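The values are calculated or read from the model by the stated rules, or taken from the named source; none is laboratory data. Bear in mind the structure is a predicted one, so any value in this text is a computation, not a measurement. Please note: Cβ atoms are built from the backbone with ideal geometry, for glycine as well, and neighbour counts cover all protein chains shown.
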Amino acid sequence: MFAQMNEQDIQKLRQDYQSSSLLEADVAANPIDQFNKWFNQAIAAGVHEPNAMTLATATTDGRPSARVVLLKGFNNEGFVFYTNYLSRKGKELAKNPLGALVFFWGDVERQVRIEGTIEKVSKEKSEAYFHTRPFGSQIGAVVSPQSREIEGREELEQHWQEVEKELEGQTVPKPSHWGGYVLKPRHIEFWQGRTSRLHDRIVYKKVDNKNWKIVRLAP
């Protein structure tokens, strides 16, 4: 059994970042190109699940919630993920379509923060992605009432086994309550850890709904 760490022990946990730098002269003019460069470098560095990202949403009265989801695509339109539309995040996005993403790639001492509006992708795109998922994951999307209270794990597993048996050898129909979202960015920050906490922070701000302005923030 682990001993509980006291506040002083926790305060001693620190890392001095020295692996790289981020200068205005080195970044791409378009933040999606810059993200693509960093994303591929994270993959090359062996970062565990480089597509894992924290998604933050909020209720209409400002109560935030956050969770880790997986990035499933990105382009100049935005960043795509898939989930249950009836989940907590889905219900919050239905009323407040503003959200934020955070990628933290500790192995390369980098972080990316993205803010923007979130909307559903097309039904056709959701259908196409759903049928690329493993059979078990498709069944999971059918049987899980995501974010709702259930009696216990046994209930979930029993339902999963029933549906698996029923649909074995068949094409699993995509549930109507499951599909994709795309976050359309208006603010993207690239953070590179530097020594003595003098980190590099380069921000892209969307201007006139088309172009990007690049600025540096103090760490």
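Pairs meeting the criteria (first residue in segment 81-93 and among the charged types (D, E, K, R), second residue modelled with pLDDT under 95 and surrounded by fewer than 19 Cβ atoms within 10 Å (Cβ to Cβ), beta carbons under 6 Å, at least 6 apart or on different chains) are ARG88/SER147. Residues in segment 166-206 that are more than 24 Å from the chain's Cα centre (by Cα) and of a type outside the set (D, E, K, R): 9 in all. Could you grab the pairs with beta carbons closer than 7 Å, sequence gap of 6+ or different chains, first residue in segment 56-77 and over 19 Å from SER122 (Cβ atoms), second one part of a loop (DSSP other than H, G, I, E, B) and among the charged types (D, E, K, R)? From residues that are over 19 Å from SER122 (Cβ atoms), there are no pairs. Within segment 22-43, the set of residues being exposed (fewer than 12 other Cβ atoms within 10 Å of the Cβ) and either in contact (Cβ under 8 Å) with a residue 60 or more places away in the chain or in contact with a helix residue (DSSP H, G or I) (Cβ under 7 Å, 6 or more places away or on another chain) (or both) comprises LEU23, GLU24, ALA29.
Of all residues in segment 11-70, how many are more than 18 Å from GLU189 (Cα to Cα) and of a type in the set (Gly, Ala, Ser)? Looking only at that region, the number is 8. Within segment 44-71, the residues that satisfy the criterion of being surrounded by 12 or more Cβ atoms within 10 Å (Cβ to Cβ) and among the aliphatic types (A, V, I, L, M) are ALA45, VAL47, ALA52, MET53, LEU55, ALA56, ALA58, ALA66, VAL69, LEU70, LEU71.
Output the residues belonging to segment 91-137 that are farther than 22 Å from PRO31 by Cβ and polar (S, T, N, Q). Listed by number, the residues that qualify are ASN96, SER122, SER126, THR132, SER137. If we keep just the residues of segment 188-219 that are in contact (Cβ under 8 Å) with a residue 60 or more places away in the chain and outside any strand (DSSP E or B), which is farthest from ASN76 (Cα to Cα)? Among residues in segment 188-219 that are in contact (Cβ under 8 Å) with a residue 60 or more places away in the chain and outside any strand (DSSP E or B), the one farthest from ASN76 (Cα to Cα) is SER196.
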